[in-house]
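Colleague: So that we are looking at the same thing, I have put the structure below in structure tokens.
The values are calculated or read from the model by the stated rules, or taken from the named source; none is laboratory data. Model, not experiment: these values are computed from the prediction. With ideal geometry, Cβ positions are generated from the backbone for all residues, glycine too; neighbour counts draw on all protein chains shown.
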Amino acid sequence: MFPLAIFIGGPTASGKTELALSIQSKIPGFVVNADSMQVYDKLDILTNKPSKKEIKSSNCKLFSFIRYPNKCNVGLWRKKSIELLGDIKKIPIFVGGTGLYLESLINDISEIPDISNKIKSKINEIFLKKGKGYFYDKLMKIDNFYAKKISPNDTQRILRAVEVKIATGKSFSDWHKLEKKKIFEKIIYVVVRMDREILYKKINDRCKDMLKNGVLEEVENFLKNKSNHHHPLHKAIGLNPFSLFIEGKKKKEECISIFMQDTRRYAKRQLTWFNNRAKNAKHLGILDVENYILKNI
């Protein structure tokens, strides 16, 4: 068991990463990425990663650690995070908007065994023939509780849940009910709270900054690769509208507007998720978070 961990969650553009970097500079700690898009080694601007200089100087971990087109899931991220705890004798600061990643460590979700490539390939083969609707119906039968918790359009989680059932004989829900081993003696869990209008303005400003920093060129270069459109990274906010602009199917201003709107909608979903699921967290305004964490270490 490890003595202490800090968790910072909240919506996109709320300033979580900047907070984590500031806290890390004041304590013997290291920052661990908990954003499901920032784990990949592509689309640094679009996924809004810290700069390479910040990542190196601030001892940040699990940014860009998955080489596209390989995939990451909650189980792999959790496993890599726990490995870091054994290697680095400092306070981990987990930060990101992927609540399920944070939850997997906070609530000590049981570690599911690795799924063989044979099973993954077979599932993918059937998926290409029958589509996600077939697998969602299947999931409703084998794990109705989990199926109702996720979107019928969440291909990655649907396929993962079916793979787990086939490989282990236990459903996702069964695994989550198993006795769990506590990882940390003490947890400081904070969710960044922000007025919606202020957050939306920050989102719009950040989208404009991405355009200045070359996000269109980044997307264009990414699309030159032979793409697997079912890969999780293809769900990155902004990839679809910018792809349509690059292909000449939509005007630039329209795509920028869609990008901003999609990001705002994503932030709204994150706010809802953290409000519903992070009941044991301290929900604080951005200006109060650092003080609260430093006082409670």
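Colleague: Taking segment 36-76 as the region of interest, how many residues are outside any loop (DSSP other than H, G, I, E, B), more than 20 Å from Leu21 (Cβ to Cβ) and modelled with pLDDT of 95 or more?
Modeller: The number of residues fulfilling the criteria is 2.
Colleague: If Tyr136 meets every condition in (1) under 18 Å from Val74 (Cα atoms); (2) at pLDDT 95 or above apart from one, which number is that one?
Modeller: Single failed check for Tyr136: (1).
Colleague: Could you tell me whether any residue of segment 114-122 is farther than 30 Å from Asn291 by Cα, touching a residue at least 24 places away in the same chain (Cβ under 8 Å) and of a type in the set (S, T, N, Q)?
Modeller: Yes: segment 114-122 contains one or more residues that are farther than 30 Å from Asn291 by Cα, touching a residue at least 24 places away in the same chain (Cβ under 8 Å) and of a type in the set (S, T, N, Q).
Colleague: Check segment 10-25 and report whether any residue there is in contact with a strand residue (DSSP E or B) (Cβ under 9 Å, 6 or more places away or on another chain), in contact (Cβ under 8 Å) with a residue 24 or more places away in the chain, among the aliphatic types (A, V, I, L, M) and outside any helix (DSSP H, G or I).
Modeller: Checked against the condition, which is being in contact with a strand residue (DSSP E or B) (Cβ under 9 Å, 6 or more places away or on another chain), in contact (Cβ under 8 Å) with a residue 24 or more places away in the chain, among the aliphatic types (A, V, I, L, M) and outside any helix (DSSP H, G or I), segment 10-25 yields no hits at all.
Colleague: Does segment 265-297 hold any residues that are assigned to a strand (DSSP E or B) and over 22 Å from the mean Cα position of the chain (by Cα), and which are they?
Modeller: Those that are assigned to a strand (DSSP E or B) and over 22 Å from the mean Cα position of the chain (by Cα): none in segment 265-297.
Colleague: Same structure again: Considering Ile126, Ile158, Ile142, which residue is without any contact (Cβ under 8 Å) to a residue 40 or more places away in the chain, touching a Ser or Thr at 6+ places or on another chain (Cβ under 7 Å) and surrounded by 13 or more Cβ atoms within 10 Å (Cβ to Cβ)?
Modeller: Exactly one of Ile126, Ile158, Ile142 is without any contact (Cβ under 8 Å) to a residue 40 or more places away in the chain, touching a Ser or Thr at 6+ places or on another chain (Cβ under 7 Å) and surrounded by 13 or more Cβ atoms within 10 Å (Cβ to Cβ), namely Ile142.
Colleague: Further question on the same structure: Which residue is farthest from Asp108 (Cα to Cα), if the candidates are limited to segment 1-18 and must be within 15 Å of the chain's Cα centre (by Cα) and of a type outside the set (Ser, Thr, Tyr)?
Modeller: So the residue we want is Ala13.
Colleague: Turning to a different aspect of this structure: Please go through segment 161-189 and give me each residue that is acidic (Asp, Glu) and either touching a Phe, Trp or Tyr at 6+ places or on another chain (Cβ under 9 Å) or closer than 30 Å to Ser121 by Cβ (or both), ordered by number.
Modeller: Correct list: Glu163, Asp174, Glu185.
Colleague: Moving to a separate point now. Go through segment 214-230 and give me each residue that's in contact with a helix residue (DSSP H, G or I) (Cβ under 9 Å, 6 or more places away or on another chain) and either closer than 17 Å to Thr155 by Cα or of a type in the set (A, V, I, L, M, F, W, C) (or both).
Modeller: If the condition is that a residue be in contact with a helix residue (DSSP H, G or I) (Cβ under 9 Å, 6 or more places away or on another chain) and either closer than 17 Å to Thr155 by Cα or of a type in the set (A, V, I, L, M, F, W, C) (or both), then Val215, Leu216, Val219, Phe222, Leu223, Ser227, Asn228, His230 are the ones that fit.
Colleague: Right, next: Among the numbered criteria (1) crowded, with 20+ Cβ neighbours inside 10 Å; (2) modelled with pLDDT under 95; (3) more than 23 Å from the chain's Cα centre (by Cα), which one does Phe245 miss?
Modeller: For Phe245, the exception is condition (2).
Colleague: Exactly one condition in (1) closer than 22 Å to Gly9 by Cα; (2) loosely packed, with under 12 Cβ neighbours inside 10 Å; (3) of a type outside the set (Val, Ile, Thr); (4) under 20 Å from the mean Cα position of the chain (by Cα) is not met by Glu185; state its number.
Modeller: Against the list (1) closer than 22 Å to Gly9 by Cα; (2) loosely packed, with under 12 Cβ neighbours inside 10 Å; (3) of a type outside the set (Val, Ile, Thr); (4) under 20 Å from the mean Cα position of the chain (by Cα), Glu185 comes up short only on (4).
Colleague: Condition test on Gln38, is it surrounded by 15 or more Cβ atoms within 10 Å (Cβ to Cβ), touching a Cys at 6+ places or on another chain (Cβ under 9 Å) and either polar (S, T, N, Q) or farther than 29 Å from Asp205 by Cβ (or both)?
Modeller: Criteria not met by Gln38.
Colleague: Sticking with this one: For segment 211-242: of the residues being of a type in the set (D, E, K, R) and part of a loop (DSSP other than H, G, I, E, B), which is surrounded by the fewest Cβ atoms within 10 Å (Cβ to Cβ)?
Modeller: The residue in question is Lys226.
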